[in-house]
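See below for the structure under consideration.
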Amino acid sequence: GVAALHTRILRETIFRDFDEFYPNKIVNVTNGVTPRRWLMDCNLDLMHLIRSRIGRDWECDLAELAHLAPYADDEDFRNEFAAVKHSNKERLAALIHEQVGITVSPDSMFDVQIKRIHEYKRQLLNVLYVITRYNRIRKTPDTPDGPRTVIFAGKAAPGYLMAKAIIKLINKVADWINNDPMVGEQLKMVNLPDYSVSLAEKIVPAADRSQQIYTAGMEASGTGNMKLAMNGALTIGTLDGANVEISDAVGED
């Protein structure tokens with residue numbers, strides 16, 4: 001199994017007889033991502049900030065990041081962390097303008113869903129949420145909820161017609177919202193083309209919210225959630241796959 005939850009399901013259902021005959025033979029190894037690329041390479045400022053407080057042991061043992069917890073009450077650390085995040089958002093905002101010609105504010109919340117386009121990963125649900133948010137802003141423009149930039153990126157299999165339809169919908173909805181002067185800076189929606197590791201390395205450090213809303217029971221593990229969590233994004237997700245283990249490690253709050 002590629003996540004603890006699914007290893008348990010294998011033990012209790014498909015390979016139950018085998019597990020009873022050979023106890024402890026089936027072991028869990030959860031998918032992982034390397035902090036060398038997904039923090040130390042793509043987010044240098046955050047790496048240096050962490051090193052300045054807890055040294056470098058965490059680079060070979062991520063459990064050592066727990067030593068950062070006391071700094072949650074340190075105003076200087078919080079301010080430095082916020083400055084790092086804002087700098088990454090400025091870099092991504094410049095890339096967004098360069099690639100798709102949309103101006104977004106780095107002072108807005110960056111709400112990110114980047115992954116393969118698939119029905120069970122529920123980009124469609126996220127689009128419907130954005131439409132709902134748009135309608136609320138149109139109805140009550142003075143709602144004090146802060147500006148938000150919703151960022152999509154992902155590829156679809158060539159023959160996956162529904163996935164292609166979802167991509168088209170994302171782009172059409174984005175065009176409508178981004179050109180509505182009544183909404184203005186309160187809501188922007190962006191779909192970045194040609195999703196790749198290189199593009200993800202620029203999006204991940206800038207994310208404030210990580211959308212991991214796939215249908216429960218359908219995601220074997222997930223690694224994008226790990227990349228985004230490691231860079232300080234808040235995970236919004238179903239309790240499935242590696243989301244369960246991230247929740248266990250960092251706390252539901």
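The values are calculated or read from the model by the stated rules, or taken from the named source; none is laboratory data. If you're wondering where the values come from, they're calculated on a predicted model, not measured in any experiment. Cβ coordinates were reconstructed from backbone atoms using ideal geometry, including for glycine residues, and neighbour counts include every protein chain displayed. Just so you know, the surface numbers come from the protein's heavy atoms only, side chains and all, with ligands and any DNA or RNA stripped out. Shrake-Rupley method; radii C 1.70, N 1.55, O 1.52, S 1.80 Å.
Element breakdown for the stretch 131-216 at a 1.4 angstrom probe: carbon and sulfur atoms account for 59% of the accessible area.
Below 12 angstrom from the Cβ of Leu5, what's the summed charge of the other residues (Lys, Arg +1; Asp, Glu -1)? Mind dumping the intermediate values first?
Working: positive: Arg8, Arg11; negative: Glu12, Glu219, Asp240, Glu245, Asp248.
Spelling it out: positives minus negatives among the neighbours equals -3.
GNM remark for the chain: springs join alpha carbons under 10 Å apart, and the peak mean-square fluctuation among Arg148, Arg209, Arg136 falls on Arg136. For Cys42, no residue 5 or more places off, or on another chain, has a built amide H under 5 Å of its own. Considering only Ala206, Pro158, Met189, the residue lying farthest towards the positive end of the dipole of the stretch 144-222 is Pro158, judged by Cα position with unit charges set on Cβ. For the options Ala63, Ala233, Ala156, a Gaussian network treatment of the chain with springs between C-alpha atoms closer than 10 Å singles out Ala63 as fluctuating the most.
Per residue, how many Å² of accessible area does the chain show with a 1.4 Å probe?
Normalised by residue count, the accessible surface of the chain is 54 Å².
The orientation-averaged projected area of the convex hull spanned by the Cα atoms of the stretch 1-68 comes to 5.8 nm².
Which helices pass in the chain if a helix is a full DSSP H run, must span at least 18 angstrom along its long axis by Cα, and must have mean Kyte-Doolittle hydropathy not below 0.0? In the chain, the long hydrophobic H runs are 161-178.
In sequence order, the stretch 116-122 has phi-based couplings of 4, 6, 7, 4, 6, 7, 6 Hz under the Karplus curve 6.51 cos²θ - 1.76 cosθ + 1.60, θ = phi - 60°, and Gly or Pro positions carry x.
I need to check one value: relative contact order of the chain, counting alpha carbon pairs closer than 8 Å and at least 6 residues apart, in percent.
Reported as a whole number, the value is 24 percent.
Here the chain is assigned +1 on the Cβ of each Lys and Arg and -1 on the Cβ of each Asp and Glu. Its dipole about the Cα centre then comes out at about 1080 debye. Computed over the Cα atoms of the stretch 148-209, pair by distinct pair, the Kirkwood hydrodynamic radius stands at 12.9 angstrom.
Note that the stretch 184-253 shows a convex hull volume over its alpha carbon atoms of 117 Å³ per residue.
For Asn191, the residues whose modelled amide H falls within less than 5 Å of its own, excluding neighbours fewer than 5 places apart on the same chain, are Phe152. Panel values: the stretch 106-249, Kirkwood radius from alpha carbon pairs, Stokes-Einstein at 25 °C and 0.890 mPa s, translational diffusion coefficient 156 µm²/s. Measuring with a 1.4 angstrom probe and ignoring ligands and nucleic acids, Arg116 comes out at about 120 Å² accessible. Measuring against 22 Å, Cα to Cα, the residue pairs Lys25/Lys227; Lys89/Lys121; Lys115/Lys202; Lys89/Lys139; Lys89/Lys188; Lys164/Lys202 contain Lys25/Lys227; Lys89/Lys121; Lys89/Lys139; Lys164/Lys202 as the ones spanning a longer distance. With a/c under 1.5 counting as rounded, go ahead and sort the chain into rounded, prolate or oblate using the C-alpha gyration tensor (a ≥ b ≥ c being the square roots of the eigenvalues; past the cut-off, prolate if a/b is larger than b/c, else oblate). Oblate. The Cβ shell under 13 Å around Ala233 holds other residues with a net charge of +2, Lys and Arg each +1, Asp and Glu each -1. For the stretch 117-158, the Kirkwood radius over C-alpha pairs fed into Stokes-Einstein at 20 °C and 1.002 mPa s yields D = 177 µm² per second.
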